[in-house]
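Working notes, beginning with the structure itself.
Just so you know, all these numbers are worked out from the coordinates, no wet-lab data involved. Quick caveat: nothing in here was measured; it's all calculated off a predicted structure. Here the Cβ is made from the backbone with ideal geometry for all residues, glycine too, and neighbour counts use every protein chain on show.
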Amino acid sequence: MANPDPEFDYSKRSQWLRAAVLGANDGLVSTASLMMGVGAVKTDIKAMILTGFAGLVAGACSMAIGEFVSVYSQLEIELAQLRRNSGRDGEGPEGGSGDEKEEEKLPNPLRAASASALAFSVGAIVPLLGASFIKDYKVRLGAVAACASVALVVFGLLGAVLGKAPLVRSCLRVLLGGWLAMAITFGLTKLIGSSAL
């Protein structure tokens, strides 16, 4: 058979896949970039680790809140449309089994927020672990960049496989974007740190 699962709709994965992949990538890139930025002006390992940890916590909270608000708005819109389609006035849990099945398919704001925060934290923990046990300043910077690069490829590959997207293009897009973010953060922080500001 050419297609063993012709009825499977990959678009059903879009909500949680988007939250998971974007959350992990954001956590990885933003935390690694923050750590590289601090590393551009400070050699102290404590400063780098604290910066990374603060970035993890702040980012996970921000992602969760943003995802909750976004998905809750989507939920309200879809509920209103469902009520219009079924001829309800929206004041009670009326309707048949068809409506109940439709409501089961509605987005879950809490689930989306939790998935987003968890994914961000998973991504953010990678550069933190990469830097945590390395005392040498230059080696530590290299370890953060290397760990982030490997994880970016993995996340790009995972997103491509789950979403049935081109593997190489997806990995390169994620990897190059991450490198660019880290390089810009490192370079601008180094520039400002070495100025008379």
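For this structure, a couple of remarks:
- Within segment 124-196, the trypsin sites (Lys or Arg not before Pro) that combine a DSSP coil assignment with at most 12 other C-beta atoms in a 10 angstrom radius are K135, K164.
- Were the residues from K190 through K164 laid out at 0.36 nm apart, the gain over their Cα-Cα distance would be 5.4 nm.
- If the segment from N108 to R84 were pulled out straight at 0.36 nm per residue, it would be longer than the present Cα-Cα gap by 6.6 nm.
- Multiplying the residue separation of C61 and S149 by 0.36 nm and subtracting their alpha-carbon distance yields 29.3 nm.
- Residues F155, F133, F68 in ascending order of nearby Cβ atoms (within 10 Å, fewest first): F133, F68, F155.
- Pairs of Lys residues in segment 14-193, spaced 8 or more positions apart or belonging to different chains, with C-alpha separations under 29 angstrom: 10 in total.
- In order through segment 123-138: 3J(HN,Hα) via Karplus (6.51 cos²θ - 1.76 cosθ + 1.60), integer Hz, x for Gly, Pro: x, 5, 6, 4, x, 4, 5, x, 9, 5, 10, 10, 7, 5, 4, 5
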